[in-house]
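Remarks on the structure that follows.
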Amino acid sequence: MRRKLAAGNWKMNGSSEALAELSELAGHHPAPSVDILICPPAPLIHRAAQAISGSSVAIGGQDCHAQSAGAHTGDVSAAMLKDAGATAVIVGHSERRVGHDERNEDVRAKARAAIENGLIAIICLGESLAQREAANTLDIIGGQLSGSVPDLVTGENLVIAYEPIWAIGTGKVPTLAQIGEVHDFIRARLERRFGAGVGRSVRLLYGGSVKPDNASEIFAVPNVDGALVGGASLKAADFSPIISALEAA
Ligand code: PGA
């Protein structure tokens, strides 16, 4: 059985005061039946990990460099994230793919670095609105999946997040049938490439405008093992009901 995962991506939001949200969140869920992960901005990772150490909330990064060290001004390596207390890292978010020109091979190299350094790699995939409207979604997802996922994955060190670009931060959500179609497709592709054992144990998250009021119906879709949540992860009061919905699913 796959243990479900509620992951929050704070993006470029949050300062020292936001650490109180983490303690509040951990207080709401002392012994959850799902995994809880928050990915704060890099400068907060170490303090966040210390603030909630020993609690039910794990801390992750939002990106990492493919190299472990060197002349890469402004970048953070997977080893540094691990050293700061992170247990996972998001790679290939559309805001990186689009805003920083990251290609599938870049995402793959970052995911490999993450896994080699003992982090869970959360690899994001998703189509644009134009691609969705041109009925190209599965082609795009299939290409991103084969291009972005390295060979060394297991059910424990890989998570895939399906995040349609047009659903991120917009309040628009695909139909449940559309979510199910993509998640079933990703599952089948993973099983074909890695075998049933690994393919069936990788967790598949949905992301894009997940809120307390739509979480339950999304979590009822087969092959949805949790969510990657942006805006609604910033406040414990919003993220906590999403976690509870996942526990009840
Ligand atoms: P959102 O972001 O929940 O604010 O739509 C999701 C994401 O980008 O991971």
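Annotations for the structure displayed:
- Working note: Karplus 6.51/-1.76/1.60 with θ = phi - 60° gives segment 87-93 the couplings 10, 8, 8, 7, 10, x, 4 Hz, where Gly and Pro are set to x.
- For T175, the solvent-accessible surface with a 1.4 Å probe is about 70 Å², rounded to the nearest 10.
- Between the C-alpha center of segment 191-241 and that of segment 56-90 there is a gap of 22 Å.
- Hydrodynamic estimate: the Kirkwood radius of the chain over Cα pairs, inserted into Stokes-Einstein at 25 °C and 0.890 mPa s, corresponds to D of 138 µm²/s.
- Pairwise FRET efficiency - D238 versus K172, Cβ, R0 = 25 Å, nearest 0.05: 0.85
- Normalised by residue number, the volume inside the convex hull of the Cα atoms of segment 13-114 is 109 Å³ per residue.
- Apportionment of accessible area to carbon and sulfur, segment 41-197, percent (1.4 Å): 51 percent
- Prolate/oblate/rounded label for segment 108-236 (Cα gyration tensor, a/c 1.5): prolate
- Sequence-distant residues sharing a close amide H with G226 (under 5 Å, placed H): L5, Y206
- Sequence-ordered 3J(HN,Hα) estimates for segment 167-179 from the Karplus curve with 6.51, -1.76 and 1.60 and θ = phi - 60° stand at 9, 7, x, 10, x, 8, 10, x, 5, 4, 5, 5, 4 Hz, glycine and proline given as x.
- When K110, K211, K235 are compared by accessible area of protein heavy atoms, the largest-first order is K235, K211, K110, using a 1.4 Å probe.
- Ordering of 134-143, 156-165 by burial proxy (mean other Cβ atoms within 10 Å per residue, highest first): 156-165, 134-143
- A straight chain from K211 to A135 at 0.36 nm per residue would run longer than the Cα-Cα distance by 24.7 nm.
- Under the simplified labelling scheme, the D101-A220 pair shows an inter-label distance of 4.6 nm, with each label point 7 Å from Cα along Cα→Cβ.
- Using a probe of 1.4 Å, the accessible surface attributed to S216 totals some 70 Å² when neighbouring protein chains are kept in position.
- log₁₀ of I(q)/I(0) at q = 0.26, 0.28 Å⁻¹ - segment 102-178, Debye sum with one point per alpha carbon: -1.17, -1.27
- Counting only Cβ charges, +1 for Lys and Arg and -1 for Asp and Glu, the dipole size of segment 142-199 around its Cα centre is about 100 debye.
- In the context of the full set of protein chains, the chain has a per residue accessible area of 42 Å² (1.4 Å probe).
- Karplus-derived HN-Hα couplings along segment 107-116 (A = 6.51, B = -1.76, C = 1.60, θ = phi - 60°), whole Hz, x at Gly and Pro: 5, 4, 5, 5, 5, 5, 4, 4, 5, 5
- Sequence of M80, M1, M12 when ordered by accessible area, the most exposed leading, probe 1.4 angstrom: M1, M12, M80
- In terms of accessible area, using a 1.4 Å probe and ignoring ligands and nucleic acids, F185, F219 rank largest first as F185, F219.
The values are calculated or read from the model by the stated rules, or taken from the named source; none is laboratory data. None of these values were measured; they are calculated from a predicted model. As a convention, Cβ positions derive from the backbone with ideal geometry for all residues, glycine included, and neighbour counts pool all protein chains shown. What goes into the accessible areas is simple: the full protein's heavy atoms, side chains included, and nothing from ligands, DNA or RNA. Shrake-Rupley method; radii C 1.70, N 1.55, O 1.52, S 1.80 Å.
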